[in-house]
1. I'm spelling it out carefully: the read-out is Cα Rg over 2.2 N^0.38 Å, the candidates are (i) 1.25; (ii) 0.98; (iii) 1.07, and one was derived from this structure. Which label?
2. Taking each pair of different alpha-carbon atoms in segment 265-380 once, compute 1/r for the pair, average those values, and report the inverse of that mean as the Kirkwood hydrodynamic radius in Å to one decimal.
3. Using the Karplus curve 6.51 cos²θ - 1.76 cosθ + 1.60 with θ = phi - 60°, what ³J(HN,Hα) values do you get for each residue of segment 44-51, in whole Hz, with x for Gly and Pro?
4. Rounded, prolate or oblate for segment 145-293? Axes are the square roots of the Cα gyration tensor eigenvalues, ordered a ≥ b ≥ c, and the cut-off for rounded is a/c under 1.5.
5. Between residue 261 and residue 65, what FRET efficiency comes out of the Förster formula 1/(1 + (r/R0)^6) with R0 = 22 Å and r the beta carbon distance, rounded to 0.05?
6. Mind scanning 43/375; 258/318; 285/337; 318/365; 284/337 and naming the pairs with a C-alpha gap bigger than 31 Å?
7. Could you go through segment 335-352 in sequence order and give the Karplus-derived ³J(HN,Hα) for each residue, using 6.51 cos²θ - 1.76 cosθ + 1.60 with θ = phi - 60°, rounded to whole Hz, and x for Gly and Pro?
8. Which residue fluctuates the most in the chain, going by a Gaussian network model with Cα springs under 10 Å, if the choices are 261, 188, 108?
Amino acid sequence: MNAREYLLSIMPTREMVDHFVTPHDASKHVPEELSRIMCNNAKSAFHPEIGWSVCDGFRSGSVDDSKGFYTYDADGARHMVNYPDLPCRVHTFGNSFTHCDQVSNGETWQEYLAAHLLEPILNYGIGGHSVYQAYRRMRMVETEHPAEYIILNVWDDDHFRNLDAWRSIRMGRQGRFTLPHLRVNLETQTFEERENLCQTPEEVYRMCDSDWIWETFFDDPILHAVLARKGAKDTLNVVARGLGGDLKNAESDAEVYKLHTEAALFATRCTIELAEQFTRANNKKLLIILSFSRRSVADALLGKPLFDQTFKDWLANKDLPVIDLRDAFREEYARHKVDADEFLEPYYIGHHTPRGNFFFAWAIKSRIVEWLHPKPLPYR
């Protein structure tokens with residue numbers, strides 16, 4: 001399949017675009033043919049600044065074949081269950097592992113932590129967001145509803161999402177849309193912030209135009225990285241030029257993946273520096289949490305090399321508080337005499353189970369208590 005054929009195969013239908021840009025009715029079940037768009041009934045809807053936002057709804061796939069129910073407060077945060085009448089000094093940003101997909105409102109790690117600390121913790125996570133999108137949302141929220149303490153949660157695929165101009169290109173499926181993103185150059189160690197390619201609902205319909213799709217994305221480096229990993233050697237120069245690396249001697253999928261990975265990790269480094277600048281300029285404190293898929297945690301438990309080691313090394317040299325959840329999983333795993341998959345089963349159903357979110361909350365609790373001044377009421 002050549003580049004044009006691939007792009008045409010992932011174009012959304014007009015019905016998908018209609019669904020994406022139309023105000024949502026949470027009481028209506030989403031038709032099966034549209035369920036591939038983001039999050040089924042827990043709908044993601046078009047937003048020009050950050051690509052998409054979230055809407056009230058429900059979604060299958062929670063524990064014991066139940067549904068998870070999702071509602072949001074007036075400021076766009078996930079509905080606050082614990083201490084909604086108290087001032088909030090901690091805001092959290094990130095993707096679905098921050099939003100806590102597949103659990104209902106009171107089962108998020110923010111709510112478990114809030115219940116223990118006796119103060120609210122707001123959840124501004126949005127499923128599918130990159131680190132860069134989370135940073136963009138942080139700037140939006142903190143302008144209107146400021147807090148002193150900011151948690152930025154980075155999940156393992158979020159690094160790659162930073163570079164996606166159109167999410168469907170990397171995922172290879174319909175029903176994903178454009179987003180603000182970064183272009184990086186590893187050779188020059190530079191980056192460029194790029195806006196969402198579709199700035200209005202009317203512009204989203206251009207994604208149903210095959211000519212516009214081709215003219216817009218024919219030289220996208222992520223498109224050519226995807227094709228290169230499928231065996232297309234004539235795309236390597238586009239990948240190397242687009243990401244600032246050397247692939248002239250690339251002979252395998254692994255070499256393309258390595259360049260893509262390092263570019264993605266560099267994009268997260270650039271985003272964290274932007275977040276540092278923003279929080280410092282606004283007298284806020286920033287903490288980074290690294291969270292991971294079940295597969296990445298299993299690899300860590302088995303002692304396999306970490307895909308993000310260069311990023312970890314960079315973080316270690318920064319004066320910035322960081323929590324790596326793999327450390328907590330390793331510590332807990334050492335107490336059990338079971339294999340890694342059996343150990344992780346109660347904590348994951350794709351995203352974290354309620355038990356997994358409780359583990360998340362307890363893994364970061366002590367660091368959060370130390371970070372906050374004054375300390376939460378139970379620790380004063």
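Just so you know, all these numbers are worked out from the coordinates, no wet-lab data involved. This structure is a prediction, so every number in the text was calculated from the model and none was measured. Every residue, glycine as well, gets a Cβ built from its backbone with ideal geometry; the counts of neighbours run over all protein chains shown.
1. (ii)
2. Details: mean 1/r = 0.0626 Å⁻¹.
Hydrodynamic radius (Kirkwood, Cα pairs) of segment 265-380 is 16.0 Å.
3. With coefficients 6.51, -1.76 and 1.60, one gets 9, 10, 3, 9, x, 7, 10, x Hz.
4. Values: a/c = 2.10, a/b = 1.34, b/c = 1.57.
Since a/c reaches 1.5 but b/c is at least a/b, the shape of segment 145-293 is classed as oblate.
5. Values: r = 35 Å, r/R0 = 1.61.
Taking R0 as 22 Å, the efficiency between residue 65 and residue 261 is 0.05.
6. 43/375; 285/337; 284/337
7. Once rounded to whole Hz, the list reads 8, 10, 10, 9, 6, 4, 5, 5, 4, 7, 3, x, 9, 10, 9, x, 8, 6.
8. Answer for the Gaussian network model of the chain: 188.
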